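Beneath this line is the structure, given in structure tokens, with notes to follow.
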Amino acid sequence: MSDRLLVHLQALVGQRHPVTSPAALQQAVCYLAEEFKTIGLDVSFQIFDALGRNYRNVIATMLPSQSSSLPPPLIVAAHYDTVQGSPGADDNASGLAVMLEVARCLRDVPLNRAVRFIAFCLEEEDLLGSLAYVSHLRATEQEVRGAIVLECVGFTSIKEGSQFAPPGLPITIPTTGNFLGIVGNRASVDLAAVLEQATNQRVPDLKTVSFLVPGQGESFPDTRRSDHASFWQHGYPAVMLTDTANFRNPHYHQPTDTLDTLDLAFMGQVARAVAEAVRQLAGTDAGEVQ
């Protein structure tokens, strides 16, 4: 698995900014679409207007085994743009690589609901891509089972004191940065519980710390800094999986956010845990994660 993750990262790491590197942003779109097609998924694009031009969310759908009376789809998502000046290895090539690996792990698992793998654009520009997508869901009265959003899932540290907590956080978190954060709201309690259970079953060595915010996280703005907040805003359940970004990673939004800083073994653990959670939420009892 680490070898496949590395291949994805090598293809994706590099500044992907709408103004300073639009060609690289487009290359990421092409790479993600081709990889999803190679896995066997149906790929489409949501085109939306923002910042004076058109951008695209990449949507790859894993279809269920049956075609009638289907429950609402499950979403797995990660953003593909970066801030200016950063190659975005952890933020967020790590999330994209894990998402691709989750899709590969599930390609032979029979499903009772569709799974949509979505690469959002313009997360770094006030969540514009995910807001466009979720606004369309609400406007067309579409329901979803929930969204699992991968946001910075590649950086760890075994150094004591390497992990910090956001201001005002009402729970105690470890001071060593080698766990996966699961951030949800009250509408997402069951999603967070399935992710914890799946991790314990499939990847018991992967430590998790969960935090459920009241409402839409208004009291804890640091919990709203990714595309899951767009789902919260429109009343859909969603969780963010994260290495906690700048509360652990000194390279966050810096030119030093490079491939060599990532922990591929940790990313592999995250991929296996998410794949098992998706199987439990969308699969039948007949399938097993590969």
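With respect to the numbered conditions (1) of a type outside the set (Asp, Glu); (2) within 16 Å of GLN269 (Cβ to Cβ); (3) buried (at least 18 other Cβ atoms within 10 Å of the Cβ), which one is the sole condition not fulfilled by LEU191? Failed condition: (2). Cβ separations smaller than 9 Å between residues 6+ apart or across chains give the following pairs from the stretch 1-14 residues that are closer than 7 Å to ALA97 by Cβ to residues that are among the β-branched types (Val, Ile, Thr) and modelled with pLDDT of 95 or more: LEU5/VAL98; HIS8/VAL98.
Hey, among GLN280, GLN254, GLN269, which residue is within 27 Å of ASP190 (Cβ to Cβ) and over 17 Å from the mean Cα position of the chain (by Cα)? Going through GLN280, GLN254, GLN269 in turn, the sole match is GLN280. Among the residues of the stretch 172-212, those that are in contact with a Lys or Arg (Cβ under 8 Å, 6 or more places away or on another chain) and more than 24 Å from ARG279 (Cα to Cα) comprise PRO174, THR176, GLY177, ASN178.
In the condition set (1) free of Cβ contacts under 8 Å to residues at least 60 places away in the same chain; (2) in a strand (DSSP E or B); (3) among the hydrophobic types (A, V, I, L, M, F, W, C), LEU169 is compliant with all but (2). For the stretch 33-87, filtering for residues that are open to solvent by 80 Å² or more (accessible area, probe 1.4 Å) and either in contact with a Cys (Cβ under 9 Å, 6 or more places away or on another chain) or closer than 15 Å to ALA97 by Cβ (or both) leaves 2.
Taking the stretch 250-266 as the range and being within 15 Å of LEU150 (Cβ to Cβ) and open to solvent by less than 30 Å² (accessible area, probe 1.4 Å) as the test, the residues that pass are LEU262, PHE266. Taking every residue in the stretch 21-48 that is touching a residue at least 12 places away in the same chain (Cβ under 8 Å) and pairing it with any residue that is acidic (Asp, Glu) and open to solvent by less than 50 Å² (accessible area, probe 1.4 Å), at least 6 positions away or on another chain, the pairs with Cβ-Cβ distances below 7 Å are LEU25/ASP81. When the stretch 146-165 is limited to residues that are on the phi > 0 side of the Ramachandran plot and assigned to a loop (DSSP other than H, G, I, E, B), the one that is most open to solvent (accessible area, probe 1.4 Å) turns out to be GLY161. Taken over the stretch 207-249, residues that are of a type in the set (Asp, Glu) and open to solvent by less than 40 Å² (accessible area, probe 1.4 Å) amount to 2. State which residue is nearest to ASN112 (Cα to Cα) when the search covers only the stretch 166-188 and only residues that are buried (at least 17 other Cβ atoms within 10 Å of the Cβ) and aliphatic (A, V, I, L, M). If we take residues in the stretch 166-188 being buried (at least 17 other Cβ atoms within 10 Å of the Cβ) and aliphatic (A, V, I, L, M), then ALA187 is nearest to ASN112 (Cα to Cα).
Among the residues of the stretch 134-145, those that are of a type outside the set (D, E, K, R), touching a helix residue (DSSP H, G or I) at 6+ places or on another chain (Cβ under 9 Å) and surrounded by fewer than 24 Cβ atoms within 10 Å (Cβ to Cβ) comprise SER135, LEU137, GLN142, VAL144. The set of residues in the stretch 115-133 being part of a loop (DSSP other than H, G, I, E, B), touching a Leu at 6+ places or on another chain (Cβ under 9 Å) and surrounded by 19 or more Cβ atoms within 10 Å (Cβ to Cβ) consists of CYS121, LEU122. Residue count for the stretch 161-186 under the criterion of being within 21 Å of SER219 (Cβ to Cβ), of a type in the set (Gly, Ala, Ser) and modelled with pLDDT of 95 or more: the result is 3.
The values are calculated or read from the model by the stated rules, or taken from the named source; none is laboratory data. No experiment lies behind these values; they were computed from the predicted model shown. Using ideal geometry, Cβ is built from the backbone for each residue, glycine included, and neighbour counts are taken over all protein chains shown. Keep in mind that these areas ignore ligands, DNA and RNA; they rest on the heavy atoms of the full protein, side chains included. Shrake-Rupley method; radii C 1.70, N 1.55, O 1.52, S 1.80 Å.
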